[in-house]
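Any read-out appearing in this document is the output of simple, stated calculations on the displayed coordinates, not a laboratory observation. Quick caveat, the model's predicted, so the values are computed rather than measured. Heads up, the Cβs are rebuilt from the backbone with ideal geometry, glycines too, and the neighbour counts pull from every protein chain shown.
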Amino acid sequence: MVLGYRDLRVWQESMDFVTDVYKATETFPKNEVFGLSSQLRRAVVSIPSNIAEGSARKGRRELINFLHIAKGSLAESTTQLEIAKRLGFLSEESFEKLIEKGETIAKMINSLIRSLNRKEE
């Protein structure tokens, strides 16, 4: 059976991360709807989107490239979460939970990249 991107645990976890971030940004000040909130939502959506797009492309090299893009979006997201915390939009507890989930996803992406690189050798 051929596995699709929906079967990838990293995609599933990143989809949960999107949901968690969307819920967290609901509490941001209304004047941030088109600012940090919107930017953070776009960045976090980019993570599973790039995993899915890379999985739909031909070949491991393209998937690896899209996984690196997903890692970049994850780094952007965690930076924006840090900004939100510093501005008082996120509690320390919410921030820590989101960062922990982001770190887990980063490890999963790195592991998948390593695994795909080994298959090419």
**Message:** I want to verify a result. In a Gaussian network model of the chain, Cα cutoff 10 Å, which of these has the top mean-square fluctuation: ILE64, ILE99, ILE83?
**Reply:** ILE83
**Item:** DSSP-assigned coil residues among chymotrypsin sites (Phe, Trp or Tyr not before Pro) in region 22-121, each with at most 15 further Cβ atoms within 10 Å
**Value:** PHE34
**Prompt:** Rounded to the nearest 0.05, what FRET efficiency is calculated for ASN110 and ILE83 with R0 set to 22 Å and r the Cβ-Cβ distance?
**Reply:** 0.35
**Message:** Within region 5-120, how many Lys pairs that are eight or more residues apart, or on different chains, come under 17 Å at the alpha-carbon?
**Reply:** 10
**Request:** Pop the C-beta distance of HIS68 and LYS23 into the FRET formula with R0 = 22 Å and round what comes out to the nearest 0.05.
**Result:** 0.20
**Request:** Over region 1-42, consider all pairs of different Cα atoms and compute the Kirkwood hydrodynamic radius from their mean reciprocal separation; express it in Å, one decimal.
**Result:** 11.7
**Item:** Largest-first principal axis extents, alpha carbons of region 31-101, Å
**Value:** 44, 25, 12
**Request:** With a cut-off of at most 16 other beta carbons within 10 Å, and DSSP calling the residue loop, which GluC sites (Glu not before Pro) in region 1-68 qualify? Please list them.
**Result:** GLU26
**Prompt:** P(r) tail for the chain, what percent of Cα pairs lie past 21 Å?
**Reply:** 38
**Prompt:** Rounded to the nearest 0.05, what FRET efficiency is calculated for GLU93 and ARG6 with R0 set to 22 Å and r the Cβ-Cβ distance?
**Reply:** 0.10
